[in-house]
1. Within the range 129-153, which residues are within 8 Å of the chain's Cα centre (by Cα) and among the small types (Gly, Ala, Ser)?
2. Which of the residues belonging to the range 86-114 are touching a helix residue (DSSP H, G or I) at 6+ places or on another chain (Cβ under 9 Å) and either part of a strand (DSSP E or B) or among the hydroxyl-bearing types (Ser, Thr, Tyr) (or both)?
3. Residue pairs, Cβ under 9 Å, 6 or more apart or interchain, first in the range 107-132 and under 18 Å from Arg144 (Cβ atoms), second loosely packed, with under 15 Cβ neighbours inside 10 Å and charged (D, E, K, R). List them.
4. Have a look at Ala18, Ala63, Ala44 and point out the one that is farther than 18 Å from Phe104 by Cβ, among the aliphatic types (A, V, I, L, M), in a loop (DSSP other than H, G, I, E, B) and modelled with pLDDT of 60 or more.
5. Part of a helix (DSSP H, G or I) and of a type in the set (Val, Ile, Thr), is that true of Ile57?
Amino acid sequence: MSTALPEGRPAPDETPAAQGSPKTRFDSEEFFGHQPASSSALPAPTPLLENLTRCVIEILAGARDLEQISRWVTDDVYRHLLKRVVLSARARQAKGQTPARPTFSIGSTSICEPRDGVVEAVTIVRGRARTRAVAIRLEGMDSRWRATAINVL
C-alpha cells in the first residue's frame, strides 16, 4: 500500500522509474545552452573576420577597449585576450609609451570551412614595422557567428 506525500506528490515507490516507465532527465544545456547554427542560416563571415581582426590589433595596441568585442567572442577568447591586453599594457608602461592607434592595413583573408557552421580564417595585417597574421575560428551559435579562438601571430 502506498501513501501520498502531504503536497500531493507520489511516495518514492510510485515514481515513474518504479512503475516501469523510463525516467526522462531534463538536460538544461539542450534548452538553455548555445544552439549551433548552420552556415546557410548565417551571414557571410568575411566582414566579421576583417572587423574582428582590426579590433583585436587595436585592442592589443591599447587604442580600443576589449569590451567592444565581448558580444562576438566566447568567454575563453575574452579571457585569453584580457591576458594579452594586460601584458601589452605592462610592456608599454615599462617603455614609457602611451597607447596609440596603430597604422596598418588589412591584407588577404584565407577562409576554410572544416564543417557546417564553422569557419577558420587567417587574415594578414601589414603594419609599418612588420606584417602579422591573425587566425580566427568562428562558430555559428544562437543564429550568429562567435569567435571561439583568436590568435595573433
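1. Correct list: Ala147, Ala149.
2. If the condition is that a residue be touching a helix residue (DSSP H, G or I) at 6+ places or on another chain (Cβ under 9 Å) and either part of a strand (DSSP E or B) or among the hydroxyl-bearing types (Ser, Thr, Tyr) (or both), then Ser88, Thr98, Phe104, Ile106, Thr109, Ile111, Glu113 are the ones that fit.
3. Val119/Glu113; Glu120/Glu113
4. Values: Ala18 fails: modelled with pLDDT of 60 or more; Ala63 fails: farther than 18 Å from Phe104 by Cβ.
Selected residue: Ala44, the only one of Ala18, Ala63, Ala44 that is farther than 18 Å from Phe104 by Cβ, among the aliphatic types (A, V, I, L, M), in a loop (DSSP other than H, G, I, E, B) and modelled with pLDDT of 60 or more.
5. Yes, satisfied.
The values are calculated or read from the model by the stated rules, or taken from the named source; none is laboratory data. Given the structure is predicted, the values throughout are model-derived calculations rather than measurements. Cβ atoms come from the backbone with ideal geometry, glycine included; neighbour counts cover every protein chain shown.
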